[in-house]
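What follows is one structure encoded as structure tokens, with my remarks underneath.
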Amino acid sequence: MSEGTSTSKKVSIPVGATGDGRFATDCAHREVNNRNEAYKDLPRTEPSAFAQLLMEKGFEHEANIFGLLEATHSVVRLPAMSVAELVKETEAAMRKGVSLILGGGLPTVSGRSGKPDILVRFDAPSRHAAWGYLPVDVKSHRGFDGKAKAKVWKIGSIASPFLDAAQEIESIGTPVLNDSLQLAHYWEMLEEVGWAPEVESIGGIFDVDGQLVWRSLDEPMWRHEHPGTGEAEKRSARQILDIEWNFRWTAVERMLEGAEPLTEPISHGNCPNCEWKNVCHDELDKAEHISLIAGVVKANVKALASIGVRTQSELAKLDVHSAVEYDKAHAAGVDLASYRRTAGDGADPSASVSTLTGRSKKALAYLEGAGYLAVGDLLALDGRLAGMRWFADVTRRIDSARVVLHPDGLPHIPRGAEATSVPRADIEIDVDMENSDAVYLWGTNTTIRDGVSAPSSVVAGYRPFHCLEAGHADEAEAFVAFWNWMHTVIADCQSKNLSVRFYCYTDAENTKMHEVAARWPLIPGMPTHEAIDEFCATEHWVDLKKNVEGLIWPTESLSLKKVAPLGGFTWRDEDAGGDNSILWYEIVVTTDDPIQRREMSEKLLRYNEDDVLATKFLREWMDDGLAGRGPVFRSVVELDELYA
């Protein structure tokens, strides 16, 4: 160990430096920036009002959980005090064997710092006593993430927060990874100070619904890509924590020494809420970084960097025709790039490709079917591209770079695809939903096509179904009214032989229909999950995002706020956005000022009306472009001559 450092496992940590429970979550470059003296005076992005609201709601939820536990189990949260005093009081409580320690603190050990929200006693030996403590945190989101196949989990509650009293309940999804990494961080601290029980490591999260979701910290249940090697496999929370902890401290050390950096700014899903957002984006924009292209994710960035491709211009100049061949083979389960590498490593060009494929009949059949009979035939493919670990749709990434760099600023039709028209109807109704804790608004805008005689139930223009000021009583009533209205419109249109379609953007509306139906199954008129699925599978319901994904766009993402402005659409409110709409809704439901409540309700309705108008504008603009009316959307193949 070098002078001036302490060591945690395999990594050196600068003296006085610490990492908390968030250190190993999300973005590694964030942690490097946090410790870069050259960045200390750069202006950072202040937390948005929405982010502050989320933090406040998180604190409120934690206080509520603490209060319920205090009332139910006759325990008391530790009061505010200095860090040293809190650590001392927590240690005393653990030595007494207190059943629940709320708001405690642990000493900094091996560079780890942190305060688990709750320590739950578990009667198995630790180094100090016949009992130990399990870490539990409180989060204001659901305890499970994704749609992994349902399995049995140990679930506790306010009444039964102890592991041995947890019920076994089946649930879909996987415990949230970031939550589990924080719990693993606390487990490492408990283990080092001697208060982890001698059992398989485990921790729990009190989620937004007040259920305590326990999970093993040793069971591999998350697919994780090693940030250094790129090797991806299922790993446990403790394994991921160990890898990310060591990688990040090594990256910090490299930065402090002025050595070749291990991290770089990359545009990804966590950027919008990061204080370094604007700093990183300016660096990415200046560098013409490939992560600013829609669809280029972190793993793609690493693969392309392995062959020296980091900028949009470098990506656009790659051999797209070879990429097409490699992509086809990859989709068929054949690693054509690997065979190209072998062919270029001194293999006899006149030999049969069977000398490369060995016992793989599948690979041999594919190569011969694609016209690669001799080893030398493979040499016509680009060797540079073959040098990287292949991923799906590299061709699309190359073409996306070309579209981004093209001056016309228009979407293009993908290579090998035909222009697909946007589904149209006699009656066209654009739909957008707004939600916070509740789904409080279903907005619609109806367009009656020229020459169509609409039934009396169909009126052109904006119509909302909501539980805001002067609206329905609650989300259930608003949704049932919206659902019934849609089906009345369909029936009335069918009686006049008119076609009708409802257009949403993404499947968020489908998901929220199911959520409302699940929360209010006994409300009269509430559709079943089967009825919702059946309706969304009909020709009446159109997800416009799928049509958008069928084109290549010159944007950083495919959000409605990014693609609609390409054609000239603008929102009336400069601060329009999903996050701010949740903030406005919070004012509606909490303010005692009737004028403010009415103003915020009107602002939400105006924002929602703009969203449905944006959907209408976008689909009509796309339809014109694909049909040759107005700005024409051309095939990306036409850009090949610029890179010949």
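The values are calculated or read from the model by the stated rules, or taken from the named source; none is laboratory data. These figures come from a predicted structure and were not determined experimentally. Ideal geometry is used to build each Cβ from the backbone, glycine not excepted, and the neighbour counts take in all protein chains shown. Remember, those area values only see protein heavy atoms, side chains included, never the ligands or the DNA or RNA. Shrake-Rupley method; radii C 1.70, N 1.55, O 1.52, S 1.80 Å.
Here the stretch 236-306 has 50 percent of its accessible surface on carbon and sulfur atoms, given a 1.4 Å probe and all protein chains in place.
Kirkwood radius, the stretch 1-140, all distinct C-alpha pairs, inverse of mean reciprocal distance: 17.7 Å.
Put a dot 7 Å past the Cα of Asn278, heading toward its Cβ, do the same for Glu314, and the two dots end up 2.9 nm apart.
Placing a label point 7 Å from the Cα of Asp623 along the Cα-to-Cβ line, the residues of the stretch 490-512 whose backbone N sits under 14 Å from it are 499-504. The eigenvalues of the Cα gyration tensor, multiplied by 5 and square-rooted, give the stretch 173-328 an equivalent ellipsoid with semi-axes of 35, 19, 16 Å from largest to smallest.
Placing pseudo-labels 7 Å out from each Cα toward the beta carbon at Val452 and Met81 gives an inter-label distance of 7.0 nm.
One chain, two ends: Leu68 and Ala150. Fully extended at 0.36 nm per residue, the span grows by 26.6 nm beyond their Cα-Cα distance.
Answer rounded, prolate or oblate for the stretch 57-105, using the Cα gyration tensor with square roots of eigenvalues a ≥ b ≥ c: rounded when a/c is under 1.5, else prolate when a/b is larger than b/c, else oblate. Cα axes put the stretch 57-105 in the oblate bin.
Only lysines eight or more places from Lys546 in sequence, or on another chain, were considered; those with a Cα closer than 21 Å are Lys147, Lys512, Lys561, Lys562, Lys616.
Counting heavy atoms of the protein chains alone, Glu325 has an accessible area of about 50 Å² for a 1.4 Å probe.
For the chain, the 222 nm mean residue ellipticity estimated from helices alone, with every DSSP H stretch of n ≥ 4 adding -39500 (n - 2.57) and the total spread over all residues, rounds to -12500 deg cm²/dmol. Shown for the chain are the DSSP H helices of 27 Å or more along their axis, judged by Cα atoms, with a mean Kyte-Doolittle hydropathy of at least -0.5: 49-73, 237-257, 475-495.
Working from Cα pairs under 8 Å separated by at least six residues, relative contact order for the chain is 10 percent. About its Cα centre, the stretch 20-140 has a charge dipole of approximately 340 debye under the convention of +1 per Lys or Arg Cβ and -1 per Asp or Glu Cβ, with nothing else charged. Across the cross-link table entries Lys328/Lys362; Lys139/Lys277; Lys328/Lys361; Lys40/Lys139, which are compared at the Cα atoms, the separations over 22 Å belong to Lys139/Lys277; Lys40/Lys139. When the residues Trp571, Trp553 are ordered by accessible surface, computed with a 1.4 Å probe over the protein chains alone, the sequence from largest down reads Trp571, Trp553. Under the classification rounded if a/c is under 1.5, otherwise prolate if a/b is larger than b/c and oblate if not, where does the chain fall, given a ≥ b ≥ c as square roots of the Cα gyration tensor eigenvalues? Since a/c reaches 1.5 but b/c is at least a/b, the shape of the chain is classed as oblate.
Amide H contacts for Trp541 (H built 1.01 Å from N in the peptide plane; partners 5 or more residues away or on another chain; cut-off under 5 Å): Phe502.
Ile169 to Asp285: FRET efficiency via 1/(1 + (r/R0)^6), r the Cβ-Cβ distance, R0 56 Å, to the nearest 0.05?
0.70
The charge dipole of the stretch 414-520, taken about its Cα centre with unit charges on the Cβ atoms of Lys, Arg (+1), Asp and Glu (-1) only, comes to about 440 debye. Residues of the stretch 478-507 falling in the label zone of Asp533, defined by backbone nitrogen less than 20 Å from a point 7 Å along Cα to beta-carbon, are 507.
Here the stretch 443-545 has 51 percent of its accessible surface on carbon and sulfur atoms, given a 1.4 Å probe and all protein chains in place.
The modelled label-to-label distance for the pair Ala644/Asp377, using points 7 Å beyond Cα in the direction of Cβ, is 2.7 nm. Taking the empirical scaling 2.2 N^0.38 Å for compact globular proteins as reference, the stretch 226-294 has a Cα radius of gyration ratio of 1.27.
Per residue, the accessible area of the chain comes to 47 Å² when a 1.4 Å probe rolls over the protein heavy atoms. What the Cβ-Cβ distance of Glu257 and Ser110 gives, at R0 = 25 Å and to the nearest 0.05, is a FRET efficiency of 0.75.
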